[in-house]
Amino acid sequence: MRWLGFFARRMVSGLGTVFAVASLCFFALHALPGDPVDVLLDETASGAERAQLRGALRLDQPLVAQYVGFVTDLVARGMGRSFVHPERTALAEVWRVWPSTAVLAVAAMGVAWAVAIPLAVLAARRPGSRTDAAVGVSSLVAMALPSVWTGPLLVLLFCVILRVLPFPGPDAAGPSGLVLPALTLGASMAGILTRMGRSALREVLREPYIAAARAKGLSEPVVLVAHALRSAMVPLMTVGGAQLSALLGGAVVTEKVFERRGLGSLFLESLLRRDVPVALACVVAVACTVVLVQLMLDVAYAWVDPRIRSAG
Amino acid sequence: MTTLRIEGRGVIGVPLVLGFALTAVLGPWVAPYRPRAIDLAHSLEGPTALHWLGTSDNGVDVLSVLLVGARLAAVVSVSTVCLSALLGVLLGGGATFLGGRWSSVMARLTDAAQSFPSLVVNMGVLALVSRPGVAHMIAALSVTGWVGYARVARAEVLRLESREFVTAARALGAGEARVFFRHVLPNALGPLWVQATFGLGATVLAEASLSFLGLGPGAAASWGALLDQGTAHLLHTPRIAMVAGVAISATVLGFNLTGDWLRDQLDPRA
C-alpha cells in the first residue's frame, strides 16, 4: 500500500510538471515582443500562411480563451492538428516516430553500459596504475569526440572502406542500420559513465565494509561486483537517467547523420516548418518521458540501495 | 594564492587551449581568403599551394573557414560561459544564501532544468527567431547553461555558510550582500573556474551541433556548418569533414583536459 501511495503521489506531481512545461511553452510563445506571427514567419510568408498561423494559435481571441483552447487541445484533442499534415493530430505525428527513437535510445544505452562498467571496474581496481590512466584519457577523448563527427567517421569506415554495413538512408532499415547510430551515441555516453563509475567506485572501495568483505575471504570479483559496484550504482543511475532523457531529443544530430526518423528530428523539422502544434507535442513527449525516467530511477534507487529503501 | 604548475593532463590540455585562443584572436586576420569567397572553378579541390586544406563546394577555402570559425566558436563560448556563470552564481548561490523558501524553490528548479535535455531547449529558443544571429546563439545556450553554475554555487554556499569567518563577518556587522560577495563568493571561485573550463568545451560542442543542424548564425563561418558540408560530401571528399571534426574535437578535448588539470591543481586531495 505504501508503494501505491508513493506511485500515486509521484504520478500527480509528474503530470503537474508536464502541464507546467507545456504552459511555459505556451506563454513563452506569447511573451515574445511583437506579433508572434511576424516572429515565427519570415517576410516571404504569404497572407494565407499568416492567417492560418493566426487562426491556429487563436491569436484573434483574448489570452485567457487562447489558453483554455490550448489546454483543451492538450487534454482532449491530441494537441491539435499538424499544420503540415492537417489530416493527422500532432500527437499522432509524435507516435509515428516514437518507436524509432525508443529503439535507438535503448540500443545506445546498452552500448554505453556494456563498455563503461568493465572499464570503470578495471580502472578503479588499481588507482594510479597504467590501466587507470589509459581508461581516464580514453574516456576524456570519447567525451570530446562529438557525435557530429564520430557518426560520419564510422560511416566512412564501415560503409565506404570496409563495406560491411549499409550506407545510411532508407535502405539501411532494420538491425544492421541501427549498429552505427547506437555506437555513435553510445561512445560519447560511455565516456562520462566511465568517469563517473571510476570515481564512485574509488570512493566506495575506501569504505570499511569493503575491507571487511575482503577480510572475510571473499574473492576479489565478488567484492568488486557484488559489494562495491552495487553501492556505486546510485550515482551511475543518476547520470544514466539524465543521459536517457537527453537521448530523446538530443539524438537529433545522430538522426540527421544516419537519416533516421526520431523525436529529435521531428522536433527540428516542425520548428523549421513553424508547425507549432507538432513542436509543442514533441516538447510534451520529452517532458513525459523525463518524468517517467525519474519515476523509474526512484524505484531503482530503492531496489539497489537498502538504505534508501528503509528511509521510505 | 595557489601557483599553478603545468603537469599531468595540463601538459596536453593547456597548449590545446592556448592554440585555440591564439587561432581565435589571429585567425580572421591571417585567413588567406574571405570565408564566403566563392570560386566555382575550384570547388571540392584537394590541398594545393593556393588552398592548403583544399576547398569545399562553391570553391570556398577550407583553411579560411577554419580560422574564421575559431573566432565565432570563441566568442560564443566565452560569452555564453560568462553570462551563464553570472546568472548561475546570482540565482543559485544567491537563493541558497538567502535560505528558506528561496533556497528550496531554486533547488527544485535547477533539478528540473537539469533533467530536461538541453539541446531541445536550445533548438526551441533558436527557432523563436526567424534568422538566428550570434547573440541569439549565446542567449539560447545560456538559457540552459546557467544550471551547472547554479548547482556548483549552491554546493559551495552550503559548504561555506556555517564557517567561522562567515559568522565573524556577520558579528562585525557586515550586511548580507557584503558577506555573500566579499566573504562567501571569493572562497567559491575554485570550483566555479573548473566548471567554467568544462563549460567552454561543452559550449563549443553545442554551438557546433546547432550549426550542424542549420540553426547557427547564418552569416558567420562556423565549424559545425563546415562539418555539415563535409558530411554531404563524405563519399568523395572526406577531407572537409575530417578537418572540421579534428578542430572541434581537439578544442573540446583541450578544455576537458585543462578542466581536469585545474581541478587537481586547486584541490590536490581529490
Task: helices (runs of 4 or more DSSP H) contained in region A:1-101 and holding at least 3 residues within 14 Å of chain B (Cβ to nearest Cβ), in contact with a helix residue (DSSP H, G or I) (Cβ under 9 Å, 6 or more places away or on another chain) and at pLDDT below 75 - done: A:36-40
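Considering every residue within region B:110-125, establish whether at least one is within 22 Å of B:GLU176 (Cβ to Cβ), in the same structural domain as B:VAL184 (by TED's automatic domain parsing), buried (at least 17 other Cβ atoms within 10 Å of the Cβ) and touching a residue at least 40 places away in the same chain (Cβ under 8 Å).
For region B:110-125, residues within 22 Å of B:GLU176 (Cβ to Cβ), in the same structural domain as B:VAL184 (by TED's automatic domain parsing), buried (at least 17 other Cβ atoms within 10 Å of the Cβ) and touching a residue at least 40 places away in the same chain (Cβ under 8 Å): present.
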TODO: Out of the residues in region A:235-255 that are more than 8 Å from every other protein chain (Cβ to nearest Cβ) and over 8 Å from the mean Cα position of the chain (by Cα), state the one that is most open to solvent (accessible area, probe 1.4 Å).
DONE: A:THR238
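Of the residues A:SER199, A:SER176, only one is open to solvent by less than 60 Å² (accessible area, probe 1.4 Å), modelled with pLDDT under 85 and either part of a helix (DSSP H, G or I) or more than 30 Å from A:GLY151 (Cβ to Cβ) (or both); which?
Of the residues listed, the single one that is open to solvent by less than 60 Å² (accessible area, probe 1.4 Å), modelled with pLDDT under 85 and either part of a helix (DSSP H, G or I) or more than 30 Å from A:GLY151 (Cβ to Cβ) (or both) is A:SER176.
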Task: Neighbours by Cβ (under 6 Å, 6+ apart or cross-chain): first from region A:117-141, in contact (Cβ under 8 Å) with a residue 12 or more places away in the chain; second acidic (Asp, Glu) - done: A:ALA123/A:ASP132
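So that you can scan it fast, the table gives a plain yes or no per residue for (1) β-branched (Val, Ile, Thr); (2) at pLDDT 85 or above; (3) closer than 23 Å to A:VAL12 by Cβ:
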site	(1), (2), (3)
A:LEU224	no, no, no
A:GLY249	no, no, no
A:VAL252	yes, yes, no
A:GLY262	no, yes, no
A:CYS282	no, yes, no
A:GLN294	no, no, yes
A:ARG309	no, no, yes
Task: Condition broken by B:ALA140, with the remaining ones in (1) surrounded by 23 or more Cβ atoms within 10 Å (Cβ to Cβ); (2) free of Cβ contacts under 8 Å to residues at least 40 places away in the same chain satisfied - done: (2)
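Restricting to region B:239-264, count the residues that are more than 22 Å from B:ARG34 (Cα to Cα) and open to solvent by 40 Å² or more (accessible area, probe 1.4 Å).
Qualifying residue count for the region: 2.
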- [ ] Go through region B:17-41 and give me each residue that's among the hydrophobic types (A, V, I, L, M, F, W, C) and buried (at least 19 other Cβ atoms within 10 Å of the Cβ).
- [x] B:VAL17, B:PHE20, B:ALA24, B:ALA31
TODO: State whether one or more residues within region B:242-264 are in a loop (DSSP other than H, G, I, E, B) and either more than 27 Å from the chain's Cα centre (by Cα) or facing chain A (nearest Cβ under 9 Å) (or both).
DONE: no
Task: Which listed residue, of B:LEU200, B:LEU226, B:LEU192, is within 14 Å of chain A (Cβ to nearest Cβ) and either under 23 Å from B:THR110 (Cα atoms) or of a type in the set (Asp, Glu) (or both) - done: B:LEU200
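Here are some residues: B:ALA85, B:ALA139, B:ALA95, B:ALA73. Which one is in contact with a Phe, Trp or Tyr (Cβ under 8 Å, 6 or more places away or on another chain), within 13 Å of another protein chain (Cβ to nearest Cβ) and modelled with pLDDT of 85 or more? Give the steps one after another, and end with the answer.
On the way: B:ALA85 fails: within 13 Å of another protein chain (Cβ to nearest Cβ); B:ALA139 fails: in contact with a Phe, Trp or Tyr (Cβ under 8 Å, 6 or more places away or on another chain); B:ALA95 fails: within 13 Å of another protein chain (Cβ to nearest Cβ).
None of the others qualify; the one that does is B:ALA73.
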- [ ] Can you work out which of the residues in region A:80-102 that are hydroxyl-bearing (Ser, Thr, Tyr) and either in contact with a Cys (Cβ under 9 Å, 6 or more places away or on another chain) or closer than 20 Å to A:LEU178 by Cα (or both) is surrounded by the most Cβ atoms within 10 Å (Cβ to Cβ)?
- [x] A:THR101
Open item on the list: So, in region A:256-272, how many residues would count as being under 19 Å from A:SER82 (Cβ atoms) and facing chain B (nearest Cβ under 10 Å)?
Closed with: 8
- [ ] Say whether the condition of being touching a helix residue (DSSP H, G or I) at 6+ places or on another chain (Cβ under 6 Å), open to solvent by less than 20 Å² (accessible area, probe 1.4 Å), assigned to a helix (DSSP H, G or I) and at pLDDT 85 or above is met by at least one residue in region A:136-153.
- [x] yes
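Residues checked against (1) in contact with an Asp or Glu (Cβ under 8 Å, 6 or more places away or on another chain); (2) part of a helix (DSSP H, G or I); (3) within 14 Å of another protein chain (Cβ to nearest Cβ); (4) under 19 Å from B:THR231 (Cα atoms):
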position	(1), (2), (3), (4)
A:PHE158	no, yes, yes, yes
A:ALA182	no, yes, no, yes
A:GLY191	no, yes, yes, no
A:ILE210	no, yes, no, no
A:VAL225	no, yes, no, no
TODO: Output the residue which, of all residues in region A:117-130 that are surrounded by fewer than 14 Cβ atoms within 10 Å (Cβ to Cβ) and modelled with pLDDT of 85 or more, is farthest from A:ARG202 (Cα to Cα).
DONE: A:ARG130
- [ ] Would you confirm whether any residue within region B:150-173 is without any contact (Cβ under 8 Å) to a residue 40 or more places away in the chain, within 14 Å of another protein chain (Cβ to nearest Cβ) and open to solvent by 50 Å² or more (accessible area, probe 1.4 Å)?
- [x] no
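The values are calculated or read from the model by the stated rules, or taken from the named source; none is laboratory data. None of these values were measured; they are calculated from a predicted model. Positions of Cβ are generated from backbone atoms using ideal geometry, with glycine treated the same way; all protein chains shown enter the neighbour counts. To get the accessible areas, we keep the full protein, side chains included, count just its heavy atoms, and leave off ligands, DNA and RNA. Shrake-Rupley method; radii C 1.70, N 1.55, O 1.52, S 1.80 Å.
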